1. Sorting check: for 76-85, 32-41, which peptide has the highest mean count of neighbouring beta carbons within 10 Å, and how do the rest follow?
2. Give the Rg (one decimal place) followed by the Dmax (whole number) of region 4-107, computed from C-alpha coordinates and expressed in Å.
3. In whole angstrom, how far apart do the alpha carbon centroids of region 30-99 and region 181-196 sit?
4. Before anything else, pin down the relative contact order of region 1-104: Cα pairs under 8 Å, at least 6 apart, normalised by residue count, whole percent.
């Protein structure tokens, strides 16, 4: 049983990168077209035939290294572009999951026209009021470590770490910080950038 990262190349040279703790078993599933959740890969199999795709193992690694290697090779082969067959790239540690433009548009199309009732909106608002992390969660977040790899990815995306000066907890995005403190993302951005008075205990690192 081999654990690691594999590559699938279509007849049109498009690439899919995946990971598995049992690569042989994963390949058997593909041969039976048991991969409908991977829409682009499934469509390629149906159109050209599974047997006409090249399957290879890129690297064998430990189970706990799978997501990091998958992220690195997925980025290298640019699998979310029109050259790839992935719909998304799984995140790991503090690196967030990424989705292809087609996947994002598909999700948007499913929710367009759907409106939440006032009752549902009120329930969400009440649920968010006073939302706080438990002491255990705060301690866990304080002990999180940001790798240099993650810091570099944040710099490439022009993102900054946000620190809670009181608790010592840090956040890797405005969305994460605004959700944790029940603050509008736009208002929080203005306060952290100095465009408005900062009424929070948050600051950019």
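1. 76-85, 32-41
2. Rg and Dmax of region 4-107, Cα atoms, are 13.0, 37 Å.
3. 37 Å
4. Rounded, it is 32 percent for region 1-104.
Read the figures in this text as sums done on the coordinates, not as results from a lab. What you see is a predicted model; the values in this text were computed from it and never measured. All Cβ positions, even for glycine, are placed from backbone atoms using ideal geometry, and neighbour counts span all protein chains on display.
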